Amino acid sequence: MKKNICFTTKVKKKVLPRSKILYLIKKYKTPMWIYNADIIIKQIKKLKKFDIIRFAQKSCSNIHILKLMKSYNIKVDAVSLGEIKRAFIAGFKSNNNDIVFTSDIIENKVLKVVIKNNIPVNAGSIDMLKKIGKISPKHPIWIRINPKFGDGHHIKTNTGGENSKHGIWNTDEALSVIKKYDLNLIGLHIHIGSGINEKNLYNICNSMKKYAIKINKKIKFISAGGGLNIPYRSRDKKINIDNYFKKWNETKKIISSILNCSIQLEIEPGRFLVGQSGILVAKVYSVKKMGQNIFVILNSGFNDLIRPILYGSYHKISVLHKNKKKIKNNTIIKSIIAGPLCESGDVFTLKKTGVIFHRKIPKVSPGDYIIIHDTGAYGSSMSSNYNSRPLIPEILYKKNKFKLIRRRQKIKEMLELETSV
Ligand code: LLP
């Protein structure tokens, strides 16, 4: 049991100092998400050598985050009509390679919008190519290749190989459909999963080279996909971005010289750009002893942050005492941090197997606060209304100022979909 205990006392300073979080708690109440724009900007700068950075907005799709991305010349990926609309509202244009629609299916209402706006489509199935080709010959197309291997921090985030539904397996068939319908093939894309092992990041390069040579068409873009992990635990290694870029840039040059065309290199991260910028702030409502276990129960559960129950994901947890005097009292408790939902799995401290584990935290009592770190990616964007709890506010900290970028949903708004029919 002991080796699974993690120990965090202070709120990581790099996100926000204590006083600022307390100010926001007073103003917006808990639970809430806070993002620090400086961290996002720092991450963007690390990838600047790539010709194009395309933000996988599913990781954090708030329109104001998209606007921030746009102001740094980042492009955007969209995987649904909702995400296309978000991109438009944030100011991304349709005719500027700003948006690429990536999916394995294309529904009629999406098809209409991508055709009307000439949005390039990154096709993950032959059926999608046929559907577009039949009504929009010459449409700009990428092929999302399934390179027959995948990786990910969890089996559910592995997007390659035959156990994954993603991408096109048979590129010869894709090419013949592209030819038949006179589609305009502009790019090749490989994304093997999310939170992948560094060595597999490099393996994608070799695959890309192999497929580009086999396909042998003059293309404009290749995409390295996303998947770059972040250090959730202090012992986690950071990716060596310089080496990663070097390897991809060599790959681009080789493909470009073999195909005799100029190619732009894209990267498509979500987590890497926003993960470390976000925290979830919740309030302690109960500290319960259940036999040997101490449960610290918060007002935020997997309706807000689903990653622990879904993948057994680890997030650093720290304590913010309501009262400064208590900070001096450094009694440590081994606790299980849980949410308010009417479901036993509503626990933030779970192992990959789903079994609960303890964290050492400073003693807390009702009224204190818990900060769950590195929740900027796949935090808010994966939240739900489970147990009929409304969506919580999002706040962006930028240049020493705070901006409410999503207000708390009202229960009335949540119920309106049903009361208004
Ligand atoms: N490109 C494509 C085609 C993707 O499907 C994804 C993520 C990305 C890029 C961005 O991947 P990233 O750089 O963020 O790893 N909910 C899971 C992650 C699911 C990722 C889905 N696709 C989690 O919380 O870990």
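The values are calculated or read from the model by the stated rules, or taken from the named source; none is laboratory data. The model shown is predicted, which means the values in this text are computed figures rather than measured ones. For neighbour counting, all protein chains shown are included, and Cβ atoms are generated from backbone atoms with ideal geometry for every residue, glycine included. The accessibility values were calculated without ligands, DNA or RNA, using every heavy atom of the protein model including side chains. Shrake-Rupley method; radii C 1.70, N 1.55, O 1.52, S 1.80 Å.
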*asked:* If amide hydrogens are placed 1.01 Å from N in the peptide plane, which non-local residues have theirs closer than 5 Å to the one on Asn146?
replied: Ile168, Trp169
*Student exercise, the stretch 167-307 dipole from Lys, Arg, Asp, Glu Cβ charges, in Debye to nearest 20*: 320 debye
*Classify the stretch 303-415 as rounded, prolate or oblate, taking a ≥ b ≥ c as the square roots of the eigenvalues of its Cα gyration tensor: rounded when a/c is under 1.5, otherwise prolate if a/b is larger than b/c and oblate if not.*
oblate
*In Hz, Karplus ³J(HN,Hα) per residue of the stretch 85-95 (6.51, -1.76, 1.60; θ = phi - 60°; x = Gly, Pro)*: 4, 4, 4, 4, 4, 6, x, 5, 9, 7, 9
*Amide H to amide H, which residues 5 or more places from Ser103 or on other chains are under 5 Å from it, using H placed in the peptide plane?*
Asn122, Gly124
*What's the center-to-center distance, using Cα atoms, between the stretch 354-382 and the stretch 276-306 in Å?*
6 Å
*Candidates Met208, Met32, Met290: whichever shows maximal mean-square fluctuation once the chain is modelled as a Gaussian network with Cα springs under 10 Å*: Met290
*Using a 1.4 angstrom probe on heavy atoms only, work out the carbon and sulfur share of the accessible area of the stretch 24-64 in %.*
54 percent
*Using +1 at the Cβ of each Lys and Arg and -1 at the Cβ of each Asp and Glu in the chain, identify which of Asn158, Val421, Gly226 lies farthest towards the dipole's positive end.*
Gly226
*Dipole of the chain (Lys/Arg Cβ +1, Asp/Glu Cβ -1, origin at the Cα centre): which of Leu350, Val274, Ser335 lies farthest to the positive side?*
Ser335
*May I ask for the angle, rounded to the nearest 10°, between helix 241-259 and the longest principal axis of the chain, with both axes built from Cα atoms and the value confined to 0 to 90°?*
10 degrees
*By how many nm would the segment from Lys410 to Glu198 lengthen if fully extended, with 0.36 nm per residue of separation less the alpha-carbon distance?*
72.0 nm
*Looking only at Gly227, Gly91, Gly187, which one moves most when the chain is put into a Gaussian network model with springs between Cα atoms under 10 Å?*
Gly91
_Skipping prolines and chain starts, which residues have an amide H placed within reach, meaning under 5 Å, of the one on Val284, given they are 5 or more residues away or on another chain?_
Gly367, Asp368, Tyr369, Ile370
*With a probe of 1.4 Å, find how much accessible area the chain has per residue, and write the answer as a whole number in Å².*
46 Å²
*Please work out how much accessible surface Arg408 shows to a 1.4 Å probe, ignoring ligands, DNA and RNA, in Å² rounded to 10.*
80 Å²
*From the phi of every residue in the stretch 234-240, what ³J(HN,Hα) in whole Hz does the Karplus formula 6.51 cos²θ - 1.76 cosθ + 1.60 yield, where θ is phi - 60° and glycine or proline is x?*
4, 7, 5, 7, 8, 6, 8
_Nearest-20 debye value, the chain charge dipole, Cβ charges on Lys, Arg, Asp, Glu_ = 2040 debye
*Helix 37-46 versus the longest principal axis of the chain: what angle, 0 to 90°, nearest 10, using Cα atoms?*
40 degrees
*Do any chymotrypsin sites (Phe, Trp or Tyr not before Pro) in the stretch 45-85 lie in a DSSP loop with no more than 15 other beta carbon atoms within 10 Å, and if so, which?*
Tyr72
*Using θ = phi - 60° and the Karplus form 6.51 cos²θ - 1.76 cosθ + 1.60, what ³J(HN,Hα) does each residue of the stretch 199-215 get, whole Hz, x for Gly and Pro?*
5, 6, 4, 6, 4, 4, 4, 5, 5, 4, 4, 4, 5, 4, 5, 5, 5
*asked:* Restricting to Cα pairs below 8 Å that are 6+ residues apart, what does the relative contact order work out to for the stretch 228-379? Please round to a whole percent.
replied: 30 percent
*Tell me which lysines have Cα within less than 16 Å of Lys165's Cα, excluding those fewer than 8 residues away on the same chain?*
Lys148, Lys156
*Cα gyration tensor of the stretch 145-259, axes a ≥ b ≥ c as square roots of the eigenvalues: rounded (a/c below 1.5), prolate (a/b > b/c) or oblate?*
oblate
*Could you give the angle, 0 to 90 degrees to the nearest 10, between helix 126-135's Cα long axis and the longest principal axis of the Cα atoms of the chain?*
60 degrees
*Sorted by average packing, counted as other Cβ atoms within 10 angstrom per residue and highest first, what order do 252-262, 295-305, 168-178, 356-366 take?*
295-305, 356-366, 168-178, 252-262
_Can you find, among Ser71, Val110, Ser262, the residue sitting farthest towards the positive end of the charge dipole of the chain, where Lys and Arg contribute +1 and Asp and Glu -1 at Cβ?_
Ser71
*Rounded, prolate or oblate: pick one for the stretch 79-179, where a ≥ b ≥ c are the square roots of the eigenvalues of its C-alpha gyration tensor, a/c under 1.5 means rounded, and failing that, prolate if a/b is larger than b/c, else oblate.*
oblate
*asked:* Compute, for the stretch 263-411, the length of the dipole vector about the Cα centre, with Cβ point charges of +1 (Lys, Arg) and -1 (Asp, Glu) only. Units Debye, rounded to 20.
replied: 880 debye
_Using Cα-Cα distances under 8 Å and only pairs 6 or more residues apart, what relative contact order does the chain have, in percent?_
19 percent
